[in-house]
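Report on the structure given below.
Every number in this text was worked out from the coordinates using simple rules, so none of it is lab data. This one's a predicted model, so the numbers in the text were calculated from it and none came from an experiment. We place every Cβ from the backbone using ideal geometry, glycine too, and count neighbours over all the protein chains shown.
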Amino acid sequence: MIYLDNASTTKVDLEVAKVMEKYFVEEFYNPSAIYYLSSNLKEKIDLAKQQVLNNFKIDYNNNLIFTGSATEANNLAILGSIKSNFKKILFSMGEHPSVYNVAKNLKEKGYNVVFLNLDKSGKVDINEFIKEVSTKDVSFISIMHVSNETGAINNINKLAEIAKEYNPNCIFHSDGVQAYGKINVSLNNIDLYTISAHKIHGPKGIGALYIKDYKKLKPIINGGGQELNIRSGTENVPAIMGFSYLSKNINIKENFKLVQSLKDYMVMKLSNIEGITLNTTESNSPYIISISFDKIRGETLVHKLEEQDIFISTGSACSSKKLGENRILENMGIDKQKIIGSIRVSLCKNTTLDEIKIFCDKVIDAYINLKETLGV
Ligand code: PLP
C-alpha cells in the first residue's frame with residue numbers, strides 16, 4: 001500500500017503507541033485525585049506541556065492546554081475570546097471548516113466578520129489584509145499557518161505584527177495543525193495557536209491550544225474545572241503522553257529535507273505533462289501538494305489509484321464529499337474545470353522516493369488512460 005493522505009491523518013509511530021500503552025494499563029489514574037499516584041500524573045502532564053512548548057522555545061507558564069481535538073481547540077480559541085463588544089473580526093477564506101464554520105456562525109449572529117481573500121499562491125492577500133487592519137477597529141484575527149488544502153504558508157508573525165501596529169489590543173489566533181512538527185514555528189506575536197498530534201504520527205482525539213494569556217480566555221464547556229477551568233473533562237493521559245513523546249523526539253529539519261526532496265521529484269516528473277497543473281509554489285510546505293488534471297474528475301483518479309493500492313484525496317477529508325466544490329481553490333482563482341480535476345497528495349516522514357516514483361508513473365498512466373477512454 002502507498003498511503004499519500006497524511007494531511008488527513010497519519011499512522012501512529014510504534015514508540016508512541018508503546019508510551020501510551022503504559023498509561024492505559026499501568027498509570028491509568030485520574031490526574032485530579034488527591035493521592036500521590038495522581039499528583040505524579042499531574043506533574044507529568046505539566047512536563048508534557050513543557051515538551052510541546054519547547055518546539056516554540058517557550059517556557060510553560062499556564063500557557064498550554066490539551067483539548068479533545070484541533071477542532072475543539074479552534075472553537076475554543078475563537079468562541080472563548082469573543083466578547084459582545086468586539087468590533088471587526090477577520091478570518092481568511094482559506095481556513096479549515098473548524099474555523100470557517102465558526103466564523104460563518106458569528107457572522108449570522110450579527111458580528112462584523114470579514115473574510116479575507118487569498119492570492120494566487122493560496123496565502124492571505126497581503127494588500128487586502130493591510131487595508132482591513134488599517135481601519136484600527138479590529139478585535140480578533142484568525143489566519144491559519146499552513147493550508148491543509150495547498151500547503152501555502154502564511155507569515156503569521158509578520159501579519160500579527162502589522163495587525164498590532166494598527167490595533168495594539170487585537171487578539172491573533174492561528175491554526176497551526178499542518179505546521180506543528182513539520183516546519184519551525186515561532187509564536188512571537190501570536191496570542192493563540194492550535195496544534196494536533198494525529199497529523200504527525202500521534203494519536204487521534206488530542207489537540208492543544210497555546211494561550212499567551214489564559215485570563216483572557218473563557219471556557220466553552222463547563223464541568224469539573226480541569227485545565228485552569230478553561231477545558232473541563234478528565235485529561236486524556238495516554239494521548240497527552242504520546243503527544244509529549246512525539247514533541248520531544250520529532251526531527252523537523254531532517255524530515256523536512258526528506259519530504260522537500262520528494263516534492264521536488266514529483267514536481268519535476270509531473271509539471272511537464274500536458275494537462276497537469278501543480279497548484280503549489282517553491283515556498284509552500286512540501287508536505288501537501290495540490291494537483292489539477294484537465295478534463296477529468298479528481299474523484300475518478302482517486303478511485304483509479306485506489307484500485308492499485310495507492311491512497312490520495314480529492315481535497316481535505318471534510319470537503320471531499322462535495323464534488324467540484326472547493327472554497328479554497330476557487331478563492332485562489334483556479335478555474336472550475338481544474339478544481340473538478342484536482343487531487344491532494346500529502347506526504348510524511350515515512351514516505352519513500354520509491355513510493356513517489358510509483359505514484360508519479362501510475363498517476364500519469366491513469367490520467368492518459370482515462371482521457372483515452374473518455375475521448376477527451
Ligand atoms: N485544522 C487543520 C488545518 C486541519 O488540517 C485539521 C484536520 O484536518 C483540523 C484543523 C482539525 O483537526 P481534527 O479533525 O483533528 O479536529
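Remarks
- For L278 and K216, the difference between the fully extended length at 0.36 nm per residue and the C-alpha to C-alpha distance is 18.1 nm.
- For a modelled paramagnetic label at E165, 7 Å from Cα along Cα-to-Cβ, the residues of segment 125-150 in reach, with backbone nitrogen under 17 Å, are 125-138.
- Coil-residue chymotrypsin sites (Phe, Trp or Tyr not before Pro) of segment 57-131, DSSP, other Cβ within 10 Å capped at 15: Y60
- Under 14 Å from the Cα of K357 - aspartates and glutamates, other chains or at least 8 residues apart: D264, D365
- Taking 0.36 nm per residue of separation and subtracting the current Cα-Cα distance, fully stretching the chain between K104 and D354 would add 85.7 nm.
- FRET efficiency estimate (nearest 0.05) - Cβ-Cβ, N155 to Q308, R0 41 angstrom: 0.60
- Segment 329-349 and segment 103-165 have their alpha-carbon centroids 21 Å apart.
- Leading residue at positive end of dipole, the chain (Cβ point charges), from I89, L118, L4: I89
- Qualifying lysines (Cα of each under 18 Å from Cα of K22; at least 8 residues distant if same chain): K42, K44, K204, K248
- Separation in nanometres of the label points that stand 7 Å from Cα toward Cβ, at N369 and E26: 5.1 nm
- For the chain, the relative contact order works out to 23 percent when only alpha carbon pairs closer than 8 Å and six or more residues apart are counted.
- Cβ-based exposure ranking for V124, V267, in which fewest neighbours within 10 Å come first: V267, V124
- For the pair K336 and S38, the difference between a 0.36 nm per residue extended length and the Cα-Cα distance amounts to 101.7 nm.
- For A152, residues with placed amide H under 5 Å, excluding near neighbours: S147, S285
- Using Cβ point charges alone (K and R +1, D and E -1), the dipole size of the chain about the Cα centre works out to roughly 840 debye.
- Efficiency of FRET from Cβ geometry, V376 and K11, R₀ 25 Å, rounded to 0.05: 0.10
- Computed from the C-beta positions of Y265 and K295 and an R0 of 30 Å, the FRET efficiency is 0.75 to the nearest 0.05.
- Note on K248 and I130: the model spin-label points, each 7 Å out from Cα along the C-beta direction, lie 4.6 nm apart.
- Whole-Hz couplings from phi, Karplus 6.51/-1.76/1.60, listed for segment 12-29; x for Gly and Pro: 5, 4, 4, 4, 5, 4, 5, 4, 5, 3, 4, 8, 8, 10, 10, 8, 8, 5
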